[in-house]
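Note sheet for the following structure.
The values are calculated or read from the model by the stated rules, or taken from the named source; none is laboratory data. Model, not experiment: these values are computed from the prediction. For neighbour counting, all protein chains shown are included, and Cβ atoms are generated from backbone atoms with ideal geometry for every residue, glycine included.
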Amino acid sequence: MLMSLSATTRLLTQLKKTTLDVIFPPGCVRCAEPIDTPDNLCARCWPEMTYISAPFCDICGFPFEYDAGDGFVCATCLRQLPVFARARAVLKYDDASRDMILGYKHSDQTNRAPTFASWMSRAGADLINDCDVICPVPLHHKRLIKRRFNQSALLAGEIAKLTDKPVIHDLITRKRPTISQGGLSAKARLRNVRGVFEVTQTREDPLNGAKVLLIDDVLTTGATVNACSMSLLKGGATKVDVLTFSRVVRASNTAI
Ligand SMILES: [Zn+2]
Ligand SMILES: [Zn+2]
């Protein structure tokens, strides 16, 4: 029986996956409890998460409790438009999702990246379809050496693989290290990242006129993605959308 190269590759990939599933049965991406389907949450963890779905602010993706109609924008975006065009996220950042996200970010549980990326690809399908290039929020090289991986770059790479969109990992550079945004007030976060990002000089040409999708793991106040978006627009991008795995949802959307 003759088989095309791509069919053979698919068969080998499936065989490898089946063998691995037998040796290492798939586990819940949050608690590692064995489950039947890989890349998923178990029956106990799944209902604990708060998934962000419409209705939400047309711009920043802040979820609303009731549907106010298409194109409805939250009070924060009305007061001051963010630099990016749209932001979307998969999950609310809360007590249920925090350990899963911190485990990914700080404990080298990088094997979760493909699962998180597949969920992000669904939540951000419109943004992905609309973009020309994907790029991650960069880490400063000193922090990259310490952590050994950029959690946003892993997500960006996996999303690019799933969607066949080009990814440029070094599109934006962090000019200087910053202290962690965690624990800072919204104003301090803005100050902390002001003027920190710039488009990498060798990347200016491919960026010219492009619509960019910026990837990060968590959107908190939006200060970091706003600063990145500013640098991308200055560098020649025509539009920047933001896709994150999770986002903070405060009772009054005072951020961004
Ligand atoms: Zn679980
Ligand atoms: Zn908004």
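Of everything in region 66-84, what is within 12 Å of ligand 2 (Cβ to nearest atom), under 27 Å from residue 134 (Cβ atoms) and part of a loop (DSSP other than H, G, I, E, B)? Give them in sequence order.
Once the filter is applied, which keeps residues that are within 12 Å of ligand 2 (Cβ to nearest atom), under 27 Å from residue 134 (Cβ atoms) and part of a loop (DSSP other than H, G, I, E, B), region 66-84 yields 71, 73, 74, 80, 81, 82, 84.
Table: residues versus (1) in a loop (DSSP other than H, G, I, E, B); (2) in the same structural domain as residue 167 (by TED's automatic domain parsing); (3) over 19 Å from residue 200 (Cα atoms); (4) under 12 Å from the mean Cα position of the chain (by Cα).
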residue: 119; (1), (2), (3), (4): no, yes, yes, yes
residue: 139; (1), (2), (3), (4): yes, yes, no, no
residue: 144; (1), (2), (3), (4): no, yes, no, no
residue: 152; (1), (2), (3), (4): no, yes, no, yes
residue: 155; (1), (2), (3), (4): no, yes, yes, yes
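Check residue 134 against each of (1) in a helix (DSSP H, G or I); (2) in contact (Cβ under 8 Å) with a residue 60 or more places away in the chain and name the one condition it does not meet.
In the conditions (1) in a helix (DSSP H, G or I); (2) in contact (Cβ under 8 Å) with a residue 60 or more places away in the chain, residue 134 misses (1) alone.
Which residues, taken from region 198-224, are within 14 Å of residue 236 (Cβ to Cβ) and either among the hydrophobic types (A, V, I, L, M, F, W, C) or assigned to a strand (DSSP E or B) (or both)?
198, 199, 207, 210, 211, 212 - these are the residues of region 198-224 that are within 14 Å of residue 236 (Cβ to Cβ) and either among the hydrophobic types (A, V, I, L, M, F, W, C) or assigned to a strand (DSSP E or B) (or both).
Can you find a residue that is outside any loop (DSSP other than H, G, I, E, B), away from ligand 1 (no atom under 16 Å from the Cβ), at pLDDT 90 or above and closer than 17 Å to residue 26 by Cβ anywhere in region 93-115?
Scanning region 93-115, I find at least one residue that is outside any loop (DSSP other than H, G, I, E, B), away from ligand 1 (no atom under 16 Å from the Cβ), at pLDDT 90 or above and closer than 17 Å to residue 26 by Cβ, so the answer is yes.
Out of 143, 86, 112, 148, report the one residue that is over 24 Å from residue 190 (Cβ atoms), of a type outside the set (A, V, I, L, M, F, W, C) and surrounded by 12 or more Cβ atoms within 10 Å (Cβ to Cβ).
None of the others qualify; the one that does is 112.
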